[in-house]
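Scroll down for the structure; my scribbles are underneath it.
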Amino acid sequence: MRGVLIAMVLIAAWPADIAAKTLGDCKCNHVREMRERWCAARAAKAEYQRIQSFLEAERRTSKATRMFSTADKDMINQKCVQEAINRATDRGVEKATAETNENLPTQSLAGMADCRIVVTRGADNACLKQIVEAHEEVHRQACLFRKDFIDRGYAGILSQLGIASALALHYSGDTKYVMTSSDYAFEEETGYTQEMQLIAERWQILQKACVAEAFVAELDNPDTVGQQMWDNTTPDSDGKRRYKMYDLTNDPCPRRPPPPKSECTLR
């Protein structure tokens with residue numbers, strides 16, 4: 001019964017019109033930030049897919065479903081995926097972050113809007129703000145669906161959850177407690193897929209609208225994009241190394257080695 005509940009929540013959570021957004025605020029002077037975000041999103045997406053495969057293999061071995069928990073969320077996001085993103089990071093550009101906040105029970109009683117998108121970093125960069133908000137719109141729509149689904153059958157849903165998940169859902173109001181950790185990873189993967197699709201669409205427009213120089217960035221030092229990419233970038237006649245970003249699919253992303261000891265335990 002529990003698996004049926006989780007599958008229903010997950011499958012129905014993706015409205016068809018999420019992908020209708022466009023990145024109109026991303027201009028020629030935002031190319032490098034867009035490129036960095038695309039590289040980070042690609043790395044994150046691949047890591048979330050790997051985590052899903054790991055959790056599925058774990059489920060087959062243990063015959064137990066691993067439900068969402070804050071410990072798993074932190075391990076997945078702050079350790080495993082962050083390590084992957086760090087390896088593809090261009091440290092020469094501004095970053096942006098956002099989150100989708102679910103109400104505590106008391107906040108809902110006070111009439112506060114639920115599933116709120118909050119940009120926590122980079123709000124002054126219109127392009128990056130639009131990208132992270134598009135990512136969070138995936139989470140907002142999923143959150144709103146789960147809220148409605150739970151409201152229409154709260155007692156029955158609690159009865160299908162384990163004690164830890166049921167208590168967490170009841171006292172925190174966080175609907176993610178009806179998900180498995182694998183479902184959570186899939187939702188995050190979907191958010192990063194959304195980013196990549198929107199960036200790729202806007203990139204094609206900018207390739208036609210921007211001068212060639214907009215797709216070239218001078219590299220200051222090896223730390224900017226990692227020693228490997230620095231070494232593989234041939235200096236121009238003036239001795240300076242330049243990062244050429246014209247083609248999203250063929251041009252390389254920054255490359256950094258993994259940490260000497262990974263903190264990710266989901267392996």
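In the chain, Cα pairs under 8 Å separated by at least six residues give a relative contact order of 31 percent. Projected onto planes of every orientation and averaged, the convex hull of the alpha-carbon atoms in the range 69-226 covers 11.6 nm². Pairs spanning more than 18 Å between alpha-carbon atoms, out of Lys73/Lys129; Lys45/Lys208; Lys79/Lys261; Lys147/Lys176; Lys21/Lys147: Lys73/Lys129; Lys45/Lys208; Lys21/Lys147. Relative contact order, whole percent, for the range 208-267 stands at 34, derived from Cα pairs under 8 Å and 6 or more residues apart. If you take semi-axes √(5λ) of the Cα gyration tensor in Å from the coordinates, which of [x] 30, 25, 16; [y] 29, 21, 20; [z] 38, 22, 15 do you get? Given [x] 30, 25, 16; [y] 29, 21, 20; [z] 38, 22, 15, the calculated one carries the label [z]. For the range 90-105, the residues whose backbone nitrogen is under 16 Å from a point 7 Å from the Cα of Asp220, taken along Cα to Cβ, are 90-95. Fully extending the segment from Gln78 to Thr265, taken as 0.36 nm per residue of separation minus the present Cα-Cα distance, adds 66.2 nm.
Rg/Rh for the range 166-223 stands at 1.31; both radii use Cα atoms, and Rh follows the Kirkwood definition.
Using R0 = 41 Å, the C-beta based FRET efficiency linking Arg242 and Thr70 works out to 0.40. In terms of its alpha-carbon gyration tensor, the range 133-199 comes out prolate; a/c meets the 1.5 threshold, and the first ratio a/b outweighs b/c. Given the options Gly122, Gly191, Gly162, state which has the largest fluctuation in a GNM of the chain using a 10 Å cut-off (strictly under) for Cα springs. Per the Cα network of the chain with a 10 Å cutoff, Gly162 tops the list. Relative contact order, whole percent, for the range 60-184 stands at 34, derived from Cα pairs under 8 Å and 6 or more residues apart. Modelled label positions at Ser172 and Gln107, each set 7 Å beyond Cα in the direction of Cβ, lie 1.3 nm from each other.
At a probe radius of 1.4 angstrom, the accessible area of the chain per residue rounds to 51 square angstrom. Separation of the range 183-202 and the range 25-40 by C-alpha centroid, Å? First find each Cα centre; the distance between them is then 15 Å. Computed over the chain with a Gaussian network model linking Cα atoms closer than 10 Å, the most mobile of Asp238, Asp124, Asp90 is Asp238.
Run the numbers for Asn86 and Ala209: contour at 0.36 nm per residue of separation, minus the present Cα-Cα distance, in nm. Intermediate values should be presented prior to the final figure.
Working: separation 123, 0.36 × 123 = 44.28 nm, distance 3.07 nm.
Residue separation times 0.36 nm, minus the Cα-Cα distance, leaves 41.2 nm.
Angle of helix 126-151 to the longest C-alpha principal axis of the chain, folded into 0 to 90 degrees and rounded to 10: 10°.
For the chain, with all protein chains in place and a probe radius of 1.4 Å, 54% of the accessible heavy-atom surface sits on carbon or sulfur. Helix 163-172 and the long axis of the chain differ in direction by around 70°, with both axes built from C-alpha atoms.
The values are calculated or read from the model by the stated rules, or taken from the named source; none is laboratory data. Predicted model only: the values in this text are computed from it and were never measured. Please note: Cβ atoms are built from the backbone with ideal geometry, for glycine as well, and neighbour counts cover all protein chains shown. Remember, those area values only see protein heavy atoms, side chains included, never the ligands or the DNA or RNA. Shrake-Rupley method; radii C 1.70, N 1.55, O 1.52, S 1.80 Å.
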